[in-house]
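Asker: Here it is, the structure, as structure tokens.
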Amino acid sequence: MKRATGFFVPLIIVAAIYLSGAAAQGLPASAAGDALTIAEAAAALPVPGAAAPLAHPPETTSTRSLGPFAPPFTSIAPVQLFDNLYFVGTTAVGAFVVDTGDGLVMLDTGCGATDAALMTADMKKLGLDPSRIKLILLSHEHFDHYGGVQYLKKHVCPNAKVALSLIGWNMLQTVPMEFAYLGPRPQSVDIYLSDGMKIKVGATTFQVVATPGHSAGCMSFIIPVTDHGEPHVVGIMGGSAVWATPHEARLYKSSIEYFKAFAAAAGCDAGLGVHSQEATFAPLRARKPGEANPLVLGTEKFDTVYLQKYRDQYRSVLDSGKMQPYPGLVLPSRHATAPEPAK
Ligand SMILES: [Zn+2]
């Protein structure tokens, strides 16, 4: 009980700051609690036009190795996870697609055109029409998540709105080219995702939770789903790696617990990751009629199993001894090619 109290007090303070901030910025009342439509979310900026401090983020070309994200891609067979939730992607990175009954919502887009083309082809195999994508949610500002946006907007769903956190969008426009910012960047964003924001599309309300640490603008998501009509709630942590820098690792750690509070309030009983592997889905593919959905852990195990693996990652980074000492100034990127700050 003591632990719970100790946790919820700061949560309440954070919530109060958020709510007062929303009011102070003149956001619609619904931004502070109720769900926004896509159009309302796109109009929810305090100052019209403030969404585009630079019209076009720099394109990047680099010969730097993409490591595990380099082609050839190993596709994961597309799979329906719940009545209204699907996965498409590769062993490097994937996307989730929600059929809201009034268009599709895509969460993340892969590394670039190759991934996006694969994902849209796989959506068709699942009986989903990619041209019905109304909203593209980007978990964070790394190329393996935003890389497919340009392809999708150009070839698949030109009218889809693109949503990213304000911090993520600013990072895309200002951070020098390095590993995390390779690839074709989105050239515009329609919606700034903000902490606590809810966006309702069709029958589905998406809840956004700010979880910085993996990246500065990283967002996580809570999505209600059904399984043979039975309601469940999926939680998706937006960033899946802990960097060995003190600022980011500690932010990541606090974000896990912050997300936990939202997940508990929403009743999250299934957890998924944006870098899913076939092993995640194999039990589902082997599921027999009448069996429970193996992705459903229950609300307790969402914390003790799903979130615990992120805590364990944090712990392993701490225990590795590789945590870098605090430098004088930490640039928002962490892949070491940015120049040293002037003394
Ligand atoms: Zn990332």
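The values are calculated or read from the model by the stated rules, or taken from the named source; none is laboratory data. Source: prediction; values computed, not measured. Don't worry about glycine lacking a Cβ; one is built from the backbone with ideal geometry, like all the others, and counts go over all protein chains shown. Side chains are part of the model used for accessible areas, which takes the heavy atoms of the whole protein and leaves out ligands, DNA and RNA. Shrake-Rupley method; radii C 1.70, N 1.55, O 1.52, S 1.80 Å.
Asker: Looking at the range 163-177, can you tell me whether even one residue there is at pLDDT 95 or above, surrounded by fewer than 24 Cβ atoms within 10 Å (Cβ to Cβ) and either in contact with a strand residue (DSSP E or B) (Cβ under 8 Å, 6 or more places away or on another chain) or part of a loop (DSSP other than H, G, I, E, B) (or both)?
Answerer: no
Asker: Does F221 qualify as being among the aromatic types (F, W, Y), within 16 Å of the ligand (Cβ to nearest atom) and touching a strand residue (DSSP E or B) at 6+ places or on another chain (Cβ under 7 Å)?
Answerer: Details: among the aromatic types (F, W, Y): yes; within 16 Å of the ligand (Cβ to nearest atom): yes; touching a strand residue (DSSP E or B) at 6+ places or on another chain (Cβ under 7 Å): yes.
For F221, the condition - among the aromatic types (F, W, Y), within 16 Å of the ligand (Cβ to nearest atom) and touching a strand residue (DSSP E or B) at 6+ places or on another chain (Cβ under 7 Å) - is met.
Asker: Can we say S75 is in contact with a helix residue (DSSP H, G or I) (Cβ under 7 Å, 6 or more places away or on another chain) and open to solvent by 50 Å² or more (accessible area, probe 1.4 Å)?
Answerer: Considered against the rule, which asks whether it is in contact with a helix residue (DSSP H, G or I) (Cβ under 7 Å, 6 or more places away or on another chain) and open to solvent by 50 Å² or more (accessible area, probe 1.4 Å), S75 comes out as yes.
Asker: State whether one or more residues within the range 236-252 are within 16 Å of the ligand (Cβ to nearest atom), among the aromatic types (F, W, Y), in contact with a Phe, Trp or Tyr (Cβ under 9 Å, 6 or more places away or on another chain) and more than 27 Å from A116 (Cβ to Cβ).
Answerer: For the range 236-252, residues within 16 Å of the ligand (Cβ to nearest atom), among the aromatic types (F, W, Y), in contact with a Phe, Trp or Tyr (Cβ under 9 Å, 6 or more places away or on another chain) and more than 27 Å from A116 (Cβ to Cβ): present.
Asker: Please find, among A160, A116, the residue that is more than 16 Å from the ligand (Cβ to nearest atom), over 13 Å from the mean Cα position of the chain (by Cα) and farther than 24 Å from A44 by Cα.
Answerer: Just a single option satisfies the conditions, and that option is A116.
Asker: Here is a list: T204, T304, T245. Which entry is among the polar types (S, T, N, Q), open to solvent by less than 20 Å² (accessible area, probe 1.4 Å) and farther than 30 Å from G103 by Cβ?
Answerer: T245
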